[in-house]
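S.K.: What follows is a single structure, and I will ask about it in a moment.
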Amino acid sequence: MSRYAISPNDRRFQVIVGWDDPLTTFFAQVFDLTVEAEEDDTACVLWVGGDLQALTTVAAVQAALQAYATMSPEIVARLQHDQATTRPRSAL
């Protein structure tokens, strides 16, 4: 699994992207930093890629994040590498 923080369009947000090996999906999370810590469930304003093969392309992650952030070419390359080097799923 990989996890990268990327620069948001608006500084009140924290944006995380990554690759989840077991689910074979990219994921993205956006947190509103202006929400108090006790309210973690409301601080998360976007969470995509939590299901098996939910987001199978970097373009799908970029589309989901377009209102919050744009991924740099370096992050795109890292995510593509993470996906390409995923071990095959076990039959179990």
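Each value in this text was obtained by applying a stated rule to the coordinates, not by laboratory testing. Since we're looking at a predicted model, the values are computed, not measured. With ideal geometry, Cβ positions are generated from the backbone for all residues, glycine too; neighbour counts draw on all protein chains shown.
S.K.: Taking 0.36 nm per residue of sequence separation and subtracting the Cα-Cα distance, how much length would be gained by fully extending the chain between Ala5 and Val76, in nm to one decimal?
M.R.: Between Ala5 and Val76, full extension yields an extra 24.3 nm.
S.K.: Under 11 Å from a point placed 7 Å out from the Cα of Thr86 along the Cα-to-Cβ direction: which residues of region 2-24 have their backbone N that close?
M.R.: Label zone hits: 2, 19-24.
S.K.: Given (i) -0.56, -1.50, -1.59; (ii) -0.56, -1.26, -1.33; (iii) -0.62, -1.43, -1.50, which label gives log10 I(q)/I(0) by the Debye sum over Cα atoms at q = 0.15, 0.25, 0.26 Å⁻¹ as computed from the coordinates?
M.R.: Only one option fits the structure, namely (ii).
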